[in-house]
């Protein structure tokens, strides 16, 4: 878990300061995915039969979640390029997109909870969704604490 937190801190700092942001993000995402699999494996305590059914469905779920995360990263990049000179329309668009993406994650978790429930039972399916949500929240907190607050051009002191 400590390694995951260190990766999250590095990810959030790299997100805002790296010259080649896309390359760093992809490397860090790969490391995070590896750590996430290890955490899920440890926390879920699958039987061999459960494991055989879970991981293919998880890969499908993770691929869909990654597509949402890609959109979130794009949004963060847009925000980081514009936060100091934000105009109302752009702020509204960014916030609406952010809220829509949060809703997309909830909808995906709901959809896949039903699928995991069928193969694992409700308690284990709920445990997985809980773990996945907690890890996602850790990442979100790390990123959001590194992002500066939005400003209008008139707020910027020169």
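The values are calculated or read from the model by the stated rules, or taken from the named source; none is laboratory data. No experiment lies behind these values; they were computed from the predicted model shown. Methodologically, a virtual Cβ is constructed for each residue, glycine included, from the backbone with ideal geometry; neighbour enumeration extends over all protein chains shown.
Kindly establish whether residue 72 is within 20 Å of residue 38 (Cβ to Cβ) and either under 14 Å from the mean Cα position of the chain (by Cα) or free of Cβ contacts under 8 Å to residues at least 40 places away in the same chain (or both). Spelling it out, it is not the case that residue 72 is within 20 Å of residue 38 (Cβ to Cβ) and either under 14 Å from the mean Cα position of the chain (by Cα) or free of Cβ contacts under 8 Å to residues at least 40 places away in the same chain (or both).
Kindly indicate whether residue 76 is modelled with pLDDT of 95 or more, surrounded by 13 or more Cβ atoms within 10 Å (Cβ to Cβ) and part of a helix (DSSP H, G or I).
Working: modelled with pLDDT of 95 or more: no; surrounded by 13 or more Cβ atoms within 10 Å (Cβ to Cβ): yes; part of a helix (DSSP H, G or I): yes.
Spelling it out, it is not the case that residue 76 is modelled with pLDDT of 95 or more, surrounded by 13 or more Cβ atoms within 10 Å (Cβ to Cβ) and part of a helix (DSSP H, G or I).
Just so you know, in region 79-90 the residues that are under 18 Å from residue 146 (Cα atoms) and under 24 Å from the mean Cα position of the chain (by Cα) include one that is surrounded by the fewest Cβ atoms within 10 Å (Cβ to Cβ), and it is 81.
Is it true that residue 50 is in contact (Cβ under 8 Å) with a residue 40 or more places away in the chain, assigned to a helix (DSSP H, G or I) and closer than 17 Å to residue 131 by Cα?
Working: in contact (Cβ under 8 Å) with a residue 40 or more places away in the chain: yes; assigned to a helix (DSSP H, G or I): yes; closer than 17 Å to residue 131 by Cα: yes.
Spelling it out, residue 50 is indeed in contact (Cβ under 8 Å) with a residue 40 or more places away in the chain, assigned to a helix (DSSP H, G or I) and closer than 17 Å to residue 131 by Cα.
Among the criteria (1) surrounded by fewer than 12 Cβ atoms within 10 Å (Cβ to Cβ); (2) modelled with pLDDT of 85 or more, the one residue 158 does not fulfil is (2).
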